[in-house]
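To start, the structure under review is shown below, and the notes come after it.
The values are calculated or read from the model by the stated rules, or taken from the named source; none is laboratory data. If you're wondering where the values come from, they're calculated on a predicted model, not measured in any experiment. Cβ atoms come from the backbone with ideal geometry, glycine included; neighbour counts cover every protein chain shown. SASA here: full protein model, heavy atoms, side chains in, ligands and nucleic acids out. Shrake-Rupley method; radii C 1.70, N 1.55, O 1.52, S 1.80 Å.
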Amino acid sequence: MTSPTATPQKQDGSAPGAGGAPRTLRDRLQQLLAFAGLIVIFAFFSILSPVFSSYGNITNILFSTVVIGTLALGTTFVIITGGIDLSIGTGMALCAVMSGVLIVNSGLPVPLGVLLTILFGGLIGLVNGFNIAVLGLPPFIATLAMMLVAQGLALVVSDSRPIYFSDTPGYIDISIGTLVPGSGFPNAVVILLIAAILAAVLLSRTVLGRYAFSIGSNEEATALSGIDVRRWKIVIYVLAGLFTGLAGIMISARLGSAQPATGMGYELQAIAAVVIGGTSLSGGRGSIVGTVIGALIISVLNNGLQIMSIPQEWQNVILGCVILVAVYADQARKRGTAAT
């Protein structure tokens, strides 16, 4: 009897066998290239504008990374399995609305409302996971449907009106408050850092992470080794949903309101951050460090282009080109691995 252990995939995300070490080196090289790209972009904008490298603007960049980065953390697990989640943007908006319903409309204490909102995000992920793993729907279709459902529910539940947290300053402080008074360093950045560390531990040091890599590398072989692939897919989508719920809290606390019409487009930026960070869209390879670097690259680009007064439409063009380069690099790396 084959041992029920994820043998097709090593813990570091590289495939065993002759190609194992080179693939690991390529993965690390991808991270180094992404980090080098971040440094080059930062230096470029710093030369063009001295304001860009100021403490206040760096804080703004980190602050603007929080929502995209939080969504990207959960998306990393999904993409490593070879899946996709298009519902995280509108799911985040629905979770933000639910936080307003629970805390403002129902009067629940802030800690309880936050916990229930994160769990509600997990419920969205549970539905996605069930549709994909049990019903056998393609991840693209299942999460596209959830994207539309979440978008509609956010408007229905909120009656198409924002829910304001004016009477609950403690909730707003979750994002814009500071642990060190006068530092101007928002709590949201600290929360993102903690979430990234937790995600990194889950991905690299737990069974969940090993199975995610294994499923993305070779789902059939993983199932034949005795692993319940369907159950672990559900768990991974639930985890992504929990991060979606956390992102809903971050964006609503930052805005001081739950805006039901927000969310569209965030899923694309989160997926872009994951891909730019070196996670393969075909699954089986990725890292949390790379995802954080990818999220920072997007934030630095957006911030720098805004300082240079580049129109929004051209910002989208530039970001699209960056994504194309990242995907091409991933495809080139795959071809190099196959030739090894």
Selected from Met250, Met98, Met308 as most flexible by GNM, with the chain as the system and alpha-carbon contacts under 10 Å: Met308
Roughly to the nearest percent, how much of the accessible area of the chain is carbon and sulfur, given a 1.4 Å probe? 70
For the chain, set up a Gaussian network in which alpha carbons nearer than 10 Å are linked by springs, and say which option among Gln259, Gln306, Gln30 fluctuates the most. Gln306
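Relative contact order of the chain: what whole-number percent is it, with Cα pairs under 8 angstrom and at least 6 residues apart? Could you put the intermediate results ahead of the total?
On the way: 593 pairs, mean separation 116.9, N = 340.
Relative contact order here is 34 percent.
Which value, in Å², gives the accessible area per residue of the stretch 159-246 when a 1.4 Å probe is used on the protein heavy atoms? Walk me through the numbers before you get to the answer.
Values: 4320 Å² over 88 residues.
Value for the stretch 159-246: 49 Å² per residue.
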Within the stretch 30-70, list the residues whose amide N lies under 20 Å from a label point set 7 Å along Cα→Cβ of Thr178. 51-67
Dividing the helical contributions, -39500 (n - 2.57) per DSSP H run of n ≥ 4, by the residues of the chain yields a 222 nm value, nearest 500 deg cm²/dmol, of -23500 deg cm²/dmol
Using a probe radius of 1.4 Å on heavy atoms only, what accessible surface per residue do you get for the stretch 257-340? Whole Å² is fine. 42
Take each of the peptides 40-49, 199-208, 312-321, average the number of other beta-carbon atoms within 10 Å over its residues, and list them starting from the highest. 199-208, 40-49, 312-321
Note down the magnitude of the dipole of the stretch 251-340 about its Cα centre, charges +1 on Lys and Arg C-beta and -1 on Asp and Glu C-beta and zero elsewhere, to the nearest 20 debye. 300
Between the alpha carbon centres of the stretch 33-67 and the stretch 283-328 the gap in Å comes to 12
For Thr279, residues with placed amide H under 5 Å, excluding near neighbours: Ser287
In a Gaussian network model over the chain where Cα atoms closer than 10 Å are linked, find which of Val300, Val51, Val110 has the largest mean-square fluctuation. Val51
Spin-label model distance (nm) - Leu144 vs Met308, 7 Å beyond Cα toward Cβ: 3.4
Taking a point 7 angstrom from the Cα of Asn105 along the C-beta vector, which residues in the stretch 236-252 have backbone N less than 13 Å away? none
If you roll a 1.4 Å probe over the heavy atoms of the protein chains, what accessible area per residue do you get for the stretch 47-136, in Å²? 33
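Mind running the shape call on the stretch 223-330? Use the C-alpha gyration tensor, a ≥ b ≥ c as the square roots of the eigenvalues: rounded below 1.5 for a/c, prolate if a/b tops b/c, oblate otherwise.
Details: a/c = 2.75, a/b = 1.37, b/c = 2.01.
The shape class here is oblate.
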